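Read-outs: derived from the displayed coordinates by stated rules, not from any lab. Everything numeric in this text was worked out from a predicted model, so none of it was measured. In this analysis, Cβ positions are derived from the backbone assuming ideal geometry, glycine residues included, and neighbour counts consider all displayed protein chains.
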Amino acid sequence: MSEAIALNADFLKDELPGHDYSLIYLDIPYNTGRNFGQYEDSFDEDSYKKLLSSLFETIITHSNNTTIAIQCDWHSTHLVRLFGDGALGRRNYKNEIIWNYNSGGASKTGLSKKHDTIHVWQLGKATYNEIREPYPNKYGGKVADKLHPDGRVIQDVWNDIPTMSTTSKERSGYPTQKPTRLLDRIIKLYTNENDWILDFVCGSGTTAVSAIQNNRNVVIADKNPNAIEIARERIDNAQKP
Ligand SMILES: C[S@@+](CC[C@H](N)C(=O)[O-])C[C@H]1O[C@@H](n2cnc3c(N)ncnc32)[C@H](O)[C@@H]1O
C-alpha cells in the first residue's frame with residue numbers, strides 16, 4: 001500500500017520531510033483578494049512576493065530529479081513565472097498548462113475568466129509519461145485506422161476536466177478543492193508507481209487522494225489544521241480496500 005503522510009505545517013516556518021520527490025505539485029494561494037473562511041487569500045504585493053520567494057526556496061531544498069508544477073490563475077501567473085524562472089532556471093521551464101474549466105456565470109463587462117494556469121519546470125532527470133486520449137469524432141472512419149490506436153497525445157490546453165460541481169461526491173467542503181481527475185492527469189504525466197510526491201499547500205488533500213489511487217507515495221502539509229483534518233479523512237477513505 002502506498003504511504004501518505006499528512007502534516008499540519010507552515011512551509012514558511014516548519015521543516016518538511018525529505019524524500020526523493022519526483023513531483024512537487026502546489027495549488028498555491030492565488031491572491032484573489034478573498035477570504036475563503038478556511039484561509040485568507042489576500043496579500044499586498046510585497047508580502048505575496050515574499051511568499052513566492054520562500055515557496056521556491058522550499059521547492060529547491062526538496063528538488064533533485066523533480067517536476068515542479070504550480071497552479072495559479074490570472075491574479076498571480078505573471079509573478080509565479082517570474083519567480084519560478086529566477087529560482088529554477090528559465091531553461092528548465094517545460095510547459096504552461098491551461099486548465100479550462102466549464103463553470104457557470106458569465107461576465108457582462110468582459111470575457112469570463114475560466115482557466116487556471118499550471119506552470120511546469122523540470123530539474124535533472126525528471127519523468128515525463130506521454131498520455132493519449134481518443135481522437136475527436138472528426139477523425140472517425142478510415143482515417144482513424146491509420147492513426148495511433150490509443151488516440152492522440154494530449155497537449156497543453158485541457159478542457160475535458162470540469163471544475164468541482166456543487167453536487168460532486170468528492171466535494172469535501174473545502175472552498176478551493178480541485179477535482180481528483182486533474183491531479184490524476186498531473187501525477188500520471190510526471191511520476192511512476194511508488195514514486196514520492198510533495199504538496200505543502202495541500203488544502204483538502206486532493207493530491208494525496210490521487211496519489212493513493214495511483215499507487216504513489218505522498219507527503220502533504222497545510223498550515224490550516226482544519227484542512228489537515230479533512231485531508232486525513234479523505235486519505236483514510238481512499239486507503240479503504
Ligand atoms: C488553493 S488552496 C489548496 C487547495 C487544494 N489543492 C485542494 O484540492 O483542496 C491553498 C492552501 O494553501 C494553504 N497555505 C497558505 N499559506 C500556507 C503556508 N504558509 N503553509 C502551508 N499552507 C499554506 C492554505 O491554508 C490553503 O489550504
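General remarks:
- Here residue 215 and residue 167 are evaluated by their C-beta separation; at R0 = 22 Å the FRET efficiency comes out at 0.15.
- The distance linking segment 3-28 with segment 30-49 is 21 Å (Cα centroid to Cα centroid, whole angstrom).
- The Cα atoms of segment 64-104 give a gyration tensor whose axes a ≥ b ≥ c have a/c of 1.5 or more with a/b greater than b/c, which makes the shape prolate.
- Pairwise FRET efficiency - residue 35 versus residue 128, Cβ, R0 = 30 Å, nearest 0.05: 0.20
- Report summary: the helix-based calculation at 222 nm, which adds -39500 (n - 2.57) for every DSSP H run with n ≥ 4 and divides by the residues of the chain, gives -8500 deg cm²/dmol.
- Compactness of segment 146-241 - radius of gyration and Dmax, Cα, Å: 14.6, 54
- Taking other C-beta atoms within 10 angstrom as a stand-in for reagent exposure, 10, 199 fall in the order 10, 199, fewest first.
- With both residues required to sit in segment 4-239, DSSP beta bridges show an antiparallel share near 45%.
- Protection proxy ranking of 67-79, 205-217, 32-44 - average other beta-carbon atoms within 10 Å, highest first: 205-217, 67-79, 32-44
- At 0.890 mPa s and 25 °C, Stokes D of segment 4-239 from Kirkwood alpha-carbon radius, µm² per second: 132
- Residues whose amide H falls under 5 Å from that of residue 94, counting only those 5 or more places apart or on a different chain, are 120, 121, 122, with hydrogens built in the peptide plane.
- Using the Cβ-Cβ distance between residue 229 and residue 3 with R0 = 22 Å, the FRET efficiency computed as 1/(1 + (r/R0)^6) comes to roughly 0.70.
- Entries in 114/146; 94/223; 113/178 that, when Cα-Cα distance is taken, lie over 24 Å: 114/146; 94/223
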